[in-house]
Amino acid sequence: MAGAAPTTAFGQAVIGPPGSGKTTYCLGMSEFLRALGRRVAVVNLDPANEGLPYECAVDVGELVGLGDVMDALRLGPNGGLLYCMEYLEANLDWLRAKLDPLRGHYFLFDCPGQVELCTHHGALRSIFSQMAQWDLRLTAVHLVDSHYCTDPAKFISVLCTSLATMLHVELPHINLLSKMDLIEHYGKLAFNLDYYTEVLDLSYLLDHLASDPFFRHYRQLNEKLVQLIEDYSLVSFIPLNIQDKESIQRVLQAVDKANGYCFGAQEQRSLEAMMSAAVGADFHFSSTLGIQEKYLAPSSQSVEQEAMQL
């Protein structure tokens, strides 16, 4: 019918550990999308979220509240949050009734920060799977604090978590290093930024860990974890500073290609842009180098001196 809302909807499922910047990302991305002319609906799926900074189109708190669940069932915050997601999974008709009037909007789903929801618990994955049956095409946007790059052990842990999330959630997936403007507040990077964003040869990280007496005893375990990550060869990251428009645009281009929005009819698109997305003509080296120059202090040592330290 002429004038009917498009049946296919697009959006982002914003996931990541607590404090990684999911809510701030939803605020910044929604403002950026509205500036582009897109109609945006932000959906809060985190019952623990209070004092939301963005305009919320749908709030799961109207269905189930974390405080009520904890009081009624004598659960802690973690158990209560898992119960809330299971309750939402059992009442998806409520969510669909809320989303149907918003057809034609671009959705941003602000998801809970409980790590196990994205690594092995089935409720959130089931909710995403049901949304796909409603012809809602989502990209999982997984945020990780960029300062983990300054610690080799934490970075390997983040890689394992990101890989487990990618395999479990079963959505087109984008990993982001958030808070790029704060990346060196906790220490210097051992390598260039592209080493971390492209997840290059991780054996160099093992050499760094071997210099620590504690991790020296776990070298074989670390070698197996690194081998697992490299065998799958799935994890890479896009740097993000939510206050930088160029950074947000770079993320949005990757998301639009992942969920197919750039091939749709919602906006005017040039043939050149569509062909570029189709063949994957994205060369991140120059952009990553620009980000490194912008946010990382230049090293006072030469390459030879750094090699001697290693």
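The values are calculated or read from the model by the stated rules, or taken from the named source; none is laboratory data. These figures come from a predicted structure and were not determined experimentally. FYI the Cβ positions are ideal-geometry reconstructions off the backbone, even for glycines, and counts take in every protein chain you see. Quick note on the areas: whole protein, heavy atoms, side chains included, nothing else; ligands and nucleic acids left out. Shrake-Rupley method; radii C 1.70, N 1.55, O 1.52, S 1.80 Å.
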Inset, instruction - Rounded to whole Hz and in sequence order, give me ³J(HN,Hα) for region 70-87 from the Karplus expression 6.51 cos²θ - 1.76 cosθ + 1.60, θ = phi - 60°, writing x for Gly and Pro. - result: 5, 6, 6, 9, 6, 10, x, x, 5, x, x, 5, 5, 5, 4, 5, 5, 5
Inset, instruction - Specify the inter-centroid distance of region 32-56 and region 10-27, based on alpha-carbon positions, in whole Å. - result: 10
Inset, instruction - Order these peptides, 68-78, 13-23, by their mean beta-carbon neighbour count within 10 angstrom, highest first. - result: 13-23, 68-78
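State, to one decimal in nm², a quarter of the convex hull surface area for the C-alpha atoms of region 46-178, i.e. the direction-averaged projected area.
Over every viewing direction, the Cα hull of region 46-178 projects on average to 8.9 nm².
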Legend entry - Listed peptides 175-187, 86-98 by packing density, highest first (mean Cβ within 10 Å): 175-187, 86-98
Inset, instruction - Take the cross-link list LYS154/LYS245; LYS154/LYS179; LYS179/LYS224; LYS22/LYS224 and give me the ones stretching past 26 Å between alpha-carbons. - result: LYS154/LYS245; LYS179/LYS224; LYS22/LYS224
Legend entry - region 67-204 - percent relative contact order, Cα under 8 Å, separation 6 or more: 22
Inset, instruction - List the residues whose amide H sits under 5 Å from the amide H of ASP145, counting only those 5 or more places along or on another chain, with H placed 1.01 Å from N in the peptide plane. - result: SER178
Inset, instruction - Could you work out the relative contact order of region 134-195, using alpha carbon pairs under 8 angstrom and six or more residues apart, expressed as a whole percent? - result: 50
Legend entry - Computed over region 165-271, the ratio Rg/Rh where both radii use C-alpha atoms and Rh is Kirkwood: 1.06
Inset, instruction - List, in order, the whole-Hz ³J(HN,Hα) value for each residue of region 30-45 obtained from phi through the Karplus relation with A = 6.51, B = -1.76, C = 1.60 and θ = phi - 60°; use x for Gly and Pro. - result: 5, 5, 5, 5, 5, 5, 7, x, 7, 7, 10, 10, 8, 10, 8, 9
Legend entry - Long-range HN-HN contacts of ARG137 with modeled amide H, under 5 Å: ALA9, PHE10, GLY11
Inset, instruction - For LYS245, tell me the accessible area in Å² from a 1.4 Å probe, rounded to the nearest 10. - result: 150
Legend entry - Using θ = phi - 60° and Karplus 6.51 cos²θ - 1.76 cosθ + 1.60, couplings along region 200-212 (whole Hz; Gly, Pro as x): 7, 3, 7, 4, 5, 5, 4, 5, 5, 5, 5, 6, 9
Inset, instruction - Would you pull out the residues with amide H under 5 Å of ASP46's amide H, same chain only if 5 or more places away, H placed 1.01 Å from N? - result: VAL60
